[in-house]
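Chemist: Quick one: the structure is below, and I'll ask about it shortly.
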Amino acid sequence: MGRKVHFDKDVFVLQLTGVVSIFSLKSEMKIPYKAIKKVYIDDFDAPMWMLRMPGTAIAPLNIYEGSFKFGNDWYFLSYENRGPLIHLELENFRKFKYVIFEIEKPRDVLIELRKRIRDSIDE
C-alpha cells in the first residue's frame with residue numbers, strides 16, 4: 001500500500017514509501033498529537049475543483065497523493081480508494097487543515113491515535 005504509521009511519544013508519523021512517496025512528493029509527515037483537533041474514519045470524494053499543489057491526482061482511478069487546496073483550506077491526501085479513510089482535522093499545523101489517508105486496519109489506527117491524543121492532553 002505504500003503507507004505506514006508510527007506512534008512516537010509526542011508525534012504521529014505518516015510514512016509514505018515507494019510510488020506513493022514519488023506521487024505525493026513527500027516521504028513522511030510528522031504531526032504533533034496536540035495539533036490533531038479531530039480524527040475519524042469516513043469516505044472522501046475530492047472536490048472536482050480542488051487545486052493540486054504539488055501532488056498527483058488521477059480522478060478516474062480515485063488516486064490522490066500530495067498537497068491540495070480547496071477554498072481557503074489545505075489538504076494532504078494519500079489514497080487510492082474512496083474509503084474507509086482516516087481523516088485528521090488539524091489546528092495550527094503548518095499550512096494543512098486536513099490530512100486524509102488510506103491505511104490497512106484503519107479502525108486499529110484510529111483507536112491508537114485517539115488514545116495518544118487523549119494522553120497528550122492529560123500531560
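The values are calculated or read from the model by the stated rules, or taken from the named source; none is laboratory data. As the structure is a computational prediction, the values presented were derived from the model and not from experiment. With ideal geometry, Cβ positions are generated from the backbone for all residues, glycine too; neighbour counts draw on all protein chains shown.
Chemist: Among what's in segment 65-111 and is in contact with a helix residue (DSSP H, G or I) (Cβ under 8 Å, 6 or more places away or on another chain) and in a loop (DSSP other than H, G, I, E, B), pick the residue that is nearest to Q15 (Cα to Cα).
Modeler: I103
Chemist: Right, something else. Looking at L61, L88, L51, which one is surrounded by 16 or more Cβ atoms within 10 Å (Cβ to Cβ) and on the phi < 0 side of the Ramachandran plot?
Modeler: Selected residue: L88, the only one of L61, L88, L51 that is surrounded by 16 or more Cβ atoms within 10 Å (Cβ to Cβ) and on the phi < 0 side of the Ramachandran plot.
Chemist: So which of P47, P54 is at pLDDT below 85 and assigned to a strand (DSSP E or B)?
Modeler: One residue alone meets the criteria, P54.
Chemist: Which residue pairs have Cβ atoms under 8 Å apart, sit 6 or more places apart or on different chains, and have a first residue in segment 38-52 that is in contact (Cβ under 8 Å) with a residue 40 or more places away in the chain and a second that is of a type in the set (D, E, K, R)?
Modeler: K38/E89; V39/E89; V39/R114; I41/R107; D43/R82; F44/R82
Chemist: Now for a separate question. Looking at segment 8-34, I want the residues that are under 17 Å from E65 (Cβ atoms) and in contact (Cβ under 8 Å) with a residue 40 or more places away in the chain and have a partner that is among the polar types (S, T, N, Q) and surrounded by 20 or more Cβ atoms within 10 Å (Cβ to Cβ) with Cβ atoms under 7 Å, at least 6 apart or on another chain. Which pairs are those?
Modeler: Final answer for the pair search is L16/S24; L16/S78; V20/S78; S24/S78.
Chemist: I need every pair where a residue in segment 89-118 that is over 21 Å from Y79 (Cα atoms) and among the aliphatic types (A, V, I, L, M) has its Cβ under 9 Å from the Cβ of a residue that is at pLDDT 95 or above and surrounded by fewer than 17 Cβ atoms within 10 Å (Cβ to Cβ), sequence separation at least 6 or different chains.
Modeler: That search, which allows pairs on different chains as well, returns nothing.
Chemist: Something else: Taking segment 60-82, which residues are among the small types (G, A, S) and more than 17 Å from V20 (Cβ to Cβ)?
Modeler: Across segment 60-82, the qualifying residue is only G71.
Chemist: Could you check, for segment 112-122, whether at least one of its residues is in contact with a Lys or Arg (Cβ under 7 Å, 6 or more places away or on another chain) and in a strand (DSSP E or B)? It would help to see each step written out before you state the result.
Modeler: Pass one, segment 112-122, residues in contact with a Lys or Arg (Cβ under 7 Å, 6 or more places away or on another chain): 120.
Now restrict to residues that are in a strand (DSSP E or B): none.
Looking through segment 112-122, none of the residues is in contact with a Lys or Arg (Cβ under 7 Å, 6 or more places away or on another chain) and in a strand (DSSP E or B).
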